[in-house]
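The values are calculated or read from the model by the stated rules, or taken from the named source; none is laboratory data. Since the structure is predicted, the reported quantities are computational estimates derived from the model, not experimental observations. Because the Cβ atoms are built from the backbone with ideal geometry, glycine has one as well, and the counts that use them run over all protein chains shown. Note: accessible area is taken over every heavy atom of the protein model, side chains too, but ligands, DNA and RNA are not part of it. Shrake-Rupley method; radii C 1.70, N 1.55, O 1.52, S 1.80 Å.
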Amino acid sequence: MELYNYTGVEDRQYFIKTLDKIARPVLEALSKGRLHATMPVEQRAGCHCESSTHLEAFARTLTGIAPWLRLGSDNTPEGALRSEYIEMALAAIDAATDPASPDYMNYTVGAQPIVDAAFLAHALLRAPDVLLDPLPTRVKENIARALMLTREGRKPYFCNWLLFSAMIEAALHRMGKQWDRMRVDYALRQHEAWYVGDGAYGDGPDFHFDFYNSFVIQPMLIDILAELGDEYSEWAAMRTPVLKRAKRYGAVLERMIAPDGSFPPLGRSIAYRCGAFQLLAQLALTHNLPDDIKPVQVRCALAAVMRRTLTDDSFTPDGWLRIGLCAHQPSLGETYISTGSLYLASTALLPLGLPESDPFWRDPPEPWTQVRIWSGADCPADKSI
């Protein structure tokens, strides 16, 4: 039982330490206008990701830590750290969207900016009162202009990318800007058509054995509908089945976590590491876990996954993430993977948006499903929907 023989306080401290280790190099550099100058860019031969990798690192980091930032500052050491990070995040948003900044990001060249402008949009929707509302009008206008630039001269691929366009429109809606209902409607209807059963969607017309249901599809479906579902009755009607499917897929994800925190290295983008469990982390954050999964077992499982995937060898000596799953394994990176891509790992930290008093943190440790089964405990059989 040593795998989960630690307290919720210790787990939260580990989550915070991990957040600081992942996010600080990115946000500290960007808040000072130094990200392009200091971030190393690792990529496969033949990959030309330099124009987008910095936006990837920034946006993906922010979408993972946004719920934690939303807790605001207080008189505790963690609250003081949050205050520091909020200040860095607001300065980073300014630097990333100001055309006069040395760290102004690419929103126009190639297709990739559609993806990572959407992750920035997702971060803003996850903590609008902290990351959006306090900004001066000048910065808000720069954000809106940057998001709108992703519409020009390009379109998303016919797959999960439709949700990136929809997420951008959702953020523009939140900002009170003109937004495109058709881009949202098309993404929602296509994903409804691509649902293949038992909690999983195809990534486009075909189903893929990978983690894109958790990397992108289901978290974005939930949050786009949270922002825009009330606009049309047919969108509102999607919320219940989308959440039901997400809970089932969350149960599948929880059962994938082995007793040592490893999980099947299936499909593309496996170098996003613990980001493969974004949906499970989001369900815990929003108190939407399946009824038979306790929040505390998810806490223990996510901590085990992070310990397994974010090893010392996963970082450069200067603290930047390196391509791999549990070490430096550059061959695990596809030709679209570069240093910035890896920061989707931050989404495993979403439950930090829950206060310390929440049962997720407060309850004593409990084993997750595979620990129970492989230790010989009698457990209920898995069931499809």
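Taking all protein chains in place and a 1.4 Å probe, what share, in percent, of the accessible surface of the chain do carbon and sulfur account for?
Values: 8180 of 15190 Å².
Reported share for carbon and sulfur atoms: 54 percent.
The Cβ shell under 10 Å around TRP161 holds other residues with a net charge of 0, Lys and Arg each +1, Asp and Glu each -1.
Give me the net charge of GLY79's neighbourhood, meaning all other residues with Cβ under 15 Å from the Cβ of GLY79; Lys, Arg count +1, Asp, Glu -1. The partial results should precede the final answer.
Working: positive: ARG12, ARG70, ARG82; negative: ASP20, ASP74, GLU78, GLU84, GLU87, GLU356.
Spelling it out: positives minus negatives among the neighbours equals -3.
With distances taken between every two different alpha-carbon atoms, region 115-204 has a Kirkwood hydrodynamic radius of 13.8 Å. Subtracting the Cα-Cα distance of ILE373 and ASP129 from their residue separation scaled by 0.36 nm leaves 83.6 nm. A viscosity of 1.002 mPa s and a temperature of 20 °C, combined with the Kirkwood radius over Cα pairs in Stokes-Einstein, give a translational diffusion coefficient for region 18-90 of 162 µm²/s.
The accessible area of TYR104, taken with all protein chains in place and a 1.4 Å probe, comes to roughly 70 Å². Close amide-amide hydrogen proximity is noted between TYR195 and GLY202, each under 5 Å apart and 5 or more residues distant or on a separate chain (H modeled in the peptide plane; Pro and chain starts excluded). Where nothing but the Cβ of Lys and Arg (+1) and of Asp and Glu (-1) is charged, how large is the charge dipole of region 208-355 around its Cα centre, in debye to the nearest 20? Dipole of region 208-355, to the nearest 20 debye: 400 debye.
Here semi-axes √(5λ) of the Cα gyration tensor in Å was calculated from the structure, and among (i) 45, 29, 16; (ii) 55, 26, 15; (iii) 30, 25, 21 it sits at label (iii). Just to be sure I understand the curve: with the Debye formula and one point per C-alpha of region 183-275, what is log10 I(q)/I(0) at q = 0.17 Å⁻¹? For the requested q values the scattering log ratios are -0.75. Computed from backbone phi, the HN-Hα couplings of region 40-52 come to x, 10, 9, 7, 5, 4, x, 8, 10, 9, 4, 6, 10 Hz, rounded to whole numbers (Karplus: 6.51 cos²θ - 1.76 cosθ + 1.60, θ = phi - 60°; Gly and Pro given as x).
Treating each Cα of region 174-223 as an identical point scatterer and ignoring solvent, apply the Debye formula and state log10 I(q)/I(0) at q = 0.14 Å⁻¹. Debye output, listed in q order: -0.40. Computed with a 1.4 Å probe on the full set of protein chains, the accessible area for VAL196 sits at about 90 Å². A simple rule links phi to the HN-Hα coupling: the Karplus curve 6.51 cos²θ - 1.76 cosθ + 1.60 with θ = phi - 60°, which for region 220-236 gives 6, 4, 4, 7, 5, 5, 5, 7, 10, x, 6, 5, 9, 4, 5, 6, 4 Hz, with x for Gly and Pro.
Starting from the Cα-Cα distance between ASP318 and TYR14, subtract it from 0.36 nm times their residue separation and give me the gain in nm to one decimal.
Additional length available on full extension: 107.4 nm.
Find out how many positive minus negative residues lie around ARG239, taking Lys and Arg as positive, Asp and Glu as negative, among other residues whose Cβ is under 14 Å from that of ARG239. Can you show the working numbers first?
Details: positive: LYS244, ARG245, LYS247; negative: GLU192, ASP223, GLU227, ASP230, GLU231, GLU234.
With Lys, Arg at +1 and Asp, Glu at -1, the net is -3.
Considering helices alone, the calculated mean residue ellipticity of the chain at 222 nm is -15500 deg cm²/dmol, with DSSP H runs of length four and up weighted by -39500 (n - 2.57) and normalised per residue.
Rolling a 1.4 Å probe over the protein chains gives LYS21 an accessible area of about 80 Å². Exceedance of the 28 Å cut-off in Cα-Cα distance is limited, within the set LYS155/LYS177; LYS17/LYS294; LYS140/LYS247; LYS32/LYS140, to LYS140/LYS247. GNM remark for the chain: springs join alpha carbons under 10 Å apart, and the peak mean-square fluctuation among SER233, SER165, SER31 falls on SER233.
Over all distinct alpha-carbon pairs, what is the Kirkwood Rh of region 75-144 in angstrom? Spell out each step's value before the answer.
Working: mean 1/r = 0.0765 Å⁻¹.
Kirkwood hydrodynamic radius for region 75-144: 13.1 Å.
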